[in-house]
Amino acid sequence: MKTGERKKKTGKRAQGYIYNGGIRAFPHNLLVDIRRNKLIYVCLVFILAFFAIFSYAPMIGILMAFQRFSPAKGFFKSKWIGMENFKVFFTGPYVGRLIRNTVAIGVLDLVINFPAPIIFALILNEIRQKAFKITVQTISYMPYFISSVVACGIVINFTQAGGAISVLVGNLTGGTSENLLNKGTLFWLIYVLQNMWQGIGYGSIIYLSSLSSIDQELYEAAYCDGAGRWKQTLHITIPSILPMVSMMLIMRMGGVFSVGADKILLLYGPANYKFSDVINTYVYRMGMLNQDYGLSTAVGLFNSAIGTLMLIGTNKISKKLSGTGMF
């Protein structure tokens, strides 16, 4: 036996039963790893079972999008109609209004409510009085834990004719106090501002944790070089949290079309249907009220597909521009 072959064989033995044999050695390597980490794999079985039962098994319901679904007949006996449900939606009288409102509210929410927690976290990071900082943080977190029903009730009371916000807007514009929820595109702004009120404090937590992990010696070095607080923020703070901002933006882009139906259902009425009706409220009406499960599933599938494409596209753009991505 040659000296090189003897060294190679000895090296394989030294690895303790795990061989560098590529894909053919994978089953053997897996069995060895299972023997060594039994408890970890037992925990993994429960996690995989959870996702298989509650995340993947329900995906069989996608079949309803291509069927005239009947609960009595089930998934496999309902009549197969192909793309008919999608045709009904895209040729319907409400498709333009639904897509317009969904895009408008989603984009407005992204433009206003994505940077808001970042700016709020940067402001809190500059506060030196610890007691005041904790008080402001605590107050800002509180609205997040208010139920949607209560929060929407507060908004309705404040924006109705004679409400505090309506009176204030009337005084500022020189008009009369009237129901702001019924004034067309103002519904979009009220919905987005309500989301900001409820989520700005809670959304800032992840950015505050990123800010707390920045090496303080960087600030000290910048201060010695003559950099003030504004330059330190521009050249140290913001670049340090950019990877986290990129990750949050990628996840947020995937949900631009997923405008929640719960708050809109609590806020909208006959007077503002034209500006408040979105894809998810349409899915609710078709599925829960009209019991057209096939059509509602088709519309929901279309909405999810658009969100997935936006998520993948944003991730690719982020990786090219900043080198940061989710996958």
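The values are calculated or read from the model by the stated rules, or taken from the named source; none is laboratory data. Given the structure is predicted, the values throughout are model-derived calculations rather than measurements. Because the Cβ atoms are built from the backbone with ideal geometry, glycine has one as well, and the counts that use them run over all protein chains shown. SASA here: full protein model, heavy atoms, side chains in, ligands and nucleic acids out. Shrake-Rupley method; radii C 1.70, N 1.55, O 1.52, S 1.80 Å.
See the values below:
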item	result
Single unsatisfied condition, F75 versus (1) outside any helix (DSSP H, G or I); (2) open to solvent by less than 30 Å² (accessible area, probe 1.4 Å)	(2)
Residues of segment 78-94 that turn out to be open to solvent by less than 100 Å² (accessible area, probe 1.4 Å) and in a helix (DSSP H, G or I), as a count	6
Lone unmet requirement of (1) farther than 30 Å from V278 by Cα; (2) in contact with a strand residue (DSSP E or B) (Cβ under 7 Å, 6 or more places away or on another chain) for Y41	(2)
Condition check for F257: outside any helix (DSSP H, G or I) and either without any contact (Cβ under 8 Å) to a residue 24 or more places away in the chain or under 23 Å from E84 (Cα atoms) (or both)	yes
Pairs where the first residue, in segment 232-244, is among the small types (G, A, S) and the second is outside any helix (DSSP H, G or I) and surrounded by 15 or more Cβ atoms within 10 Å (Cβ to Cβ), C-beta under 7 Å, 6+ apart	S240/I214
Qualifying position, being loosely packed, with under 12 Cβ neighbours inside 10 Å and basic (K, R), among R100, R35	R35
Test set (1) under 18 Å from K87 (Cα atoms); (2) surrounded by 21 or more Cβ atoms within 10 Å (Cβ to Cβ); (3) under 21 Å from the mean Cα position of the chain (by Cα) - S304 fails condition number	(2)
Qualifying residue in segment 179-198 (condition: open to solvent by 40 Å² or more (accessible area, probe 1.4 Å), more than 20 Å from I264 (Cβ to Cβ) and out of contact with any Cys (no Cβ under 7 Å at 6 or more places or on another chain))	no
Top-ranked residue in segment 271-300 [being in contact (Cβ under 8 Å) with a residue 12 or more places away in the chain and either basic (K, R) or outside any helix (DSSP H, G or I) (or both); ranked as surrounded by the most Cβ atoms within 10 Å (Cβ to Cβ)]	V278
